[in-house]
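Asker: The structure follows.
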Amino acid sequence: MKIQILSGKRSIGGNFIKITDRDKCLVFDQGLRFDIMRRYYSFMISPRSLAELRSLGVLPKPEWYTDAQDIYVTHMHLDHLGALSNIPGEATVHIPNTATYELMEEKWRMSPSWLNLIPRKYYVNLEEVTPFEVDQNGVEAIPVSHSAFPAYAYLYHGSDGTVLYTGDFRVESYLTPEEFQVITQGPSLLEYFEENRDLRVDLLIMEGTNIGSSRTPISPREAIATHERIIENSETVVATLHSLDLEYAATLAKMAEESGKALYVTSPQLAKFLEGMSKLAVNPRLIEEYAVDITLGEAMPLTAIEENSLILTSHHDAVDLLRGMEANVLEDAAVIISEPEPASEELAEYDVVANWMARLNVQSYRIRVSGHYYPYQLKTILKTLNPKEVKPVHTEKPELLQHLVNRLSS
């Protein structure tokens with residue numbers, strides 16, 4: 001069994017892991033390198049073609065796909081999903097959820113930017129993964145909590161041993177364990193290993209996004225308490241989020257229900273996701289101005305939004321949304337700016353959004369719960385997974401992560 005980490009050894013994003021095992025050749029993730037994109041592109045300079053992105057190293061090289069029969073994607077963030085149109089030959093791409101991909105593909109296709117290059121696929125066959133089942137390639141998908149839903153880690157049962165590739169994950173979810181199991185049909189990664197102590201991990205390929213970061217490690221529980229205080233003391237609350245961050249969206253929807261606020265959304269994709277989560281008792285109303293080619297209950301015009309409401313929107317739509325709202329609704333309003341991950345994908349300019357909020361006389365708060373585990377949780381992760389060997393990926397500080405792993409494992 002040969003394992004190659006062809007990209008992602010020293011970058012946050014752009015993972016490309018290739019496993020060759022006898023007659024099988026598998027790839028895990030094939031993401032974009034947003035760190036390289038930032039070097040060459042800006043608001044004024046945009047990518048011209050996939051070939052250009054490949055030449056710069058933003059997209060994986062064609063030769064990396066040689067003999068690859070199956071490609072497994074952990075979640076739909078572009079630094080992991082990449083561009084299916086970049087795959088140079090026939091292959092089956094295993095994705096977390098087909099419906100989610102189709103919604104995102106529709107959004108990308110309509111984009112006036114380089115994102116419209118993403119959805120074009122020529123040789124690939126899409127196949128949705130089934131959690132907790134070992135497939136024909138010996139790959140088992142295990143749900144993880146992340147700022148994109150659904151997201152999976154992959155456990156490969158190989159001829160020489162097992163390889164666990166975590167993708168991106170966090171230890172604590174916005175949802176309770178019971179709620180998480182409702183929407184994933186099973187436990188999260190660490191809970192699964194706690195319940196199945198006979199599972200062994202010979203090689204753990206683990207992300208380390210927050211290793212070396214000095215960012216305050218805010219947990220979902222702490223963030224929820226802060227949100228509750230803001231919502232309790234404001235008539236109208238606008239919260240920004242990534243349209244794939246369903247765990248966060250579902251939590252905000254519950255807060256709206258508990259506080260008696262009407263729930264509105266500006267994303268048709270998010271509206272569809274939330275509507276499908278009937279077991280979590282969410283009932284969003286789509287704002288009419290954003291209802292592009294979608295029928296979802298009763299779409300409400302922006303001018304008809306009630307004062308006692310919670311509105312979920314994107315960073316791009318937040319400013320236009322508030323500029324179009326009635327003055328009386330903004331009298332006692334607050335905006336919660338949640339940083340998405342990856343921020344480069346959203347091209348979010350938080351200071352610009354905050355400046356507009358101040359100009360509109362609306363108070364804003366910037367809150368971020370990472371979609372990745374925090375360094376202090378590494379001990380718990382290693383104790384639960386008990387790997388024989390660890391290889392860092394998706395980090396700018398691989399030596400630090402390796403040092404911490406060695407110290408905690410000794």
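Asker: Tell me, what ³J(HN,Hα) does each residue in the stretch 215-230 have, in order and in whole Hz, if you take phi through Karplus 6.51 cos²θ - 1.76 cosθ + 1.60 with θ = phi - 60° and put x for Gly and Pro?
Answerer: Residue by residue, the stretch 215-230 yields 5, 4, x, 7, 8, x, 4, 5, 5, 4, 4, 5, 4, 4, 5, 5 Hz.
Asker: Now for a different question. I need the Kirkwood Rh of the stretch 45-156: take the reciprocal of the average 1/r across all distinct C-alpha pairs and report it in angstrom. Could you put the intermediate results ahead of the total?
Answerer: Working: mean 1/r = 0.0674 Å⁻¹.
Radius from the Kirkwood sum: 14.8 Å.
Asker: Taking the Cα centre of each part, how many Å lie between the stretch 17-93 and the stretch 133-155?
Answerer: 19
Asker: Quick check: pseudo-label points 7 Å beyond the Cα along Cα→Cβ at D351 and R54, how many nm apart are they?
Answerer: Placing both labels 7 Å beyond Cα along the Cβ direction yields 3.8 nm.
Asker: Further question: Can you figure out the FRET efficiency of A225 with L408, using R₀ = 41 Å and their beta-carbon distance, to the nearest 0.05?
Answerer: Working: r = 30 Å, r/R0 = 0.73.
Computed FRET efficiency for A225 and L408 comes out at 0.85.
Asker: Heavy atoms only, probe 1.4 Å: what % of the accessible area of the chain goes to carbon and sulfur, would you let me know?
Answerer: 47
Asker: Hey, got the dipole for the chain? About the Cα centre, +1 on K and R Cβ, -1 on D and E Cβ, debye to the nearest 20?
Answerer: It works out to roughly 1600 debye.
Asker: In the full protein assembly as shown, how much of Y123 is accessible to a 1.4 Å probe, in Å² to the nearest 10?
Answerer: Roughly 120 Å² of Y123 is accessible to a 1.4 Å probe.
Asker: What's the magnitude of the charge dipole for the stretch 1-128 around its Cα centre, counting Lys and Arg as +1 and Asp and Glu as -1 at the beta-carbon? Answer in Debye, nearest 20.
Answerer: Roughly 600 debye for the stretch 1-128.
Asker: Per residue, how much accessible surface does the chain expose to a 1.4 Å probe? Answer in Å², no decimals.
Answerer: So the chain comes to 43 Å² accessible per residue, rounded to a whole number.
Asker: What is the P(r) of the stretch 111-256, as percent of Cα-Cα pairs per 5 Å bin from 0?
Answerer: 2, 8, 14, 17, 16, 15, 13, 9, 4, 2, 1, 0
Asker: Once the Cα atoms of the chain are picked out, what are the Rg and Dmax in Å?
Answerer: Rg and Dmax of the chain, Cα atoms, are 21.3, 68 Å.
The values are calculated or read from the model by the stated rules, or taken from the named source; none is laboratory data. This one's a predicted model, so the numbers in the text were calculated from it and none came from an experiment. Backbone-built Cβ (ideal geometry, glycine too); neighbour counts: all protein chains shown. Accessible surface is based on the protein model in full, side chains and every heavy atom, while ligands, DNA and RNA are left aside. Shrake-Rupley method; radii C 1.70, N 1.55, O 1.52, S 1.80 Å.
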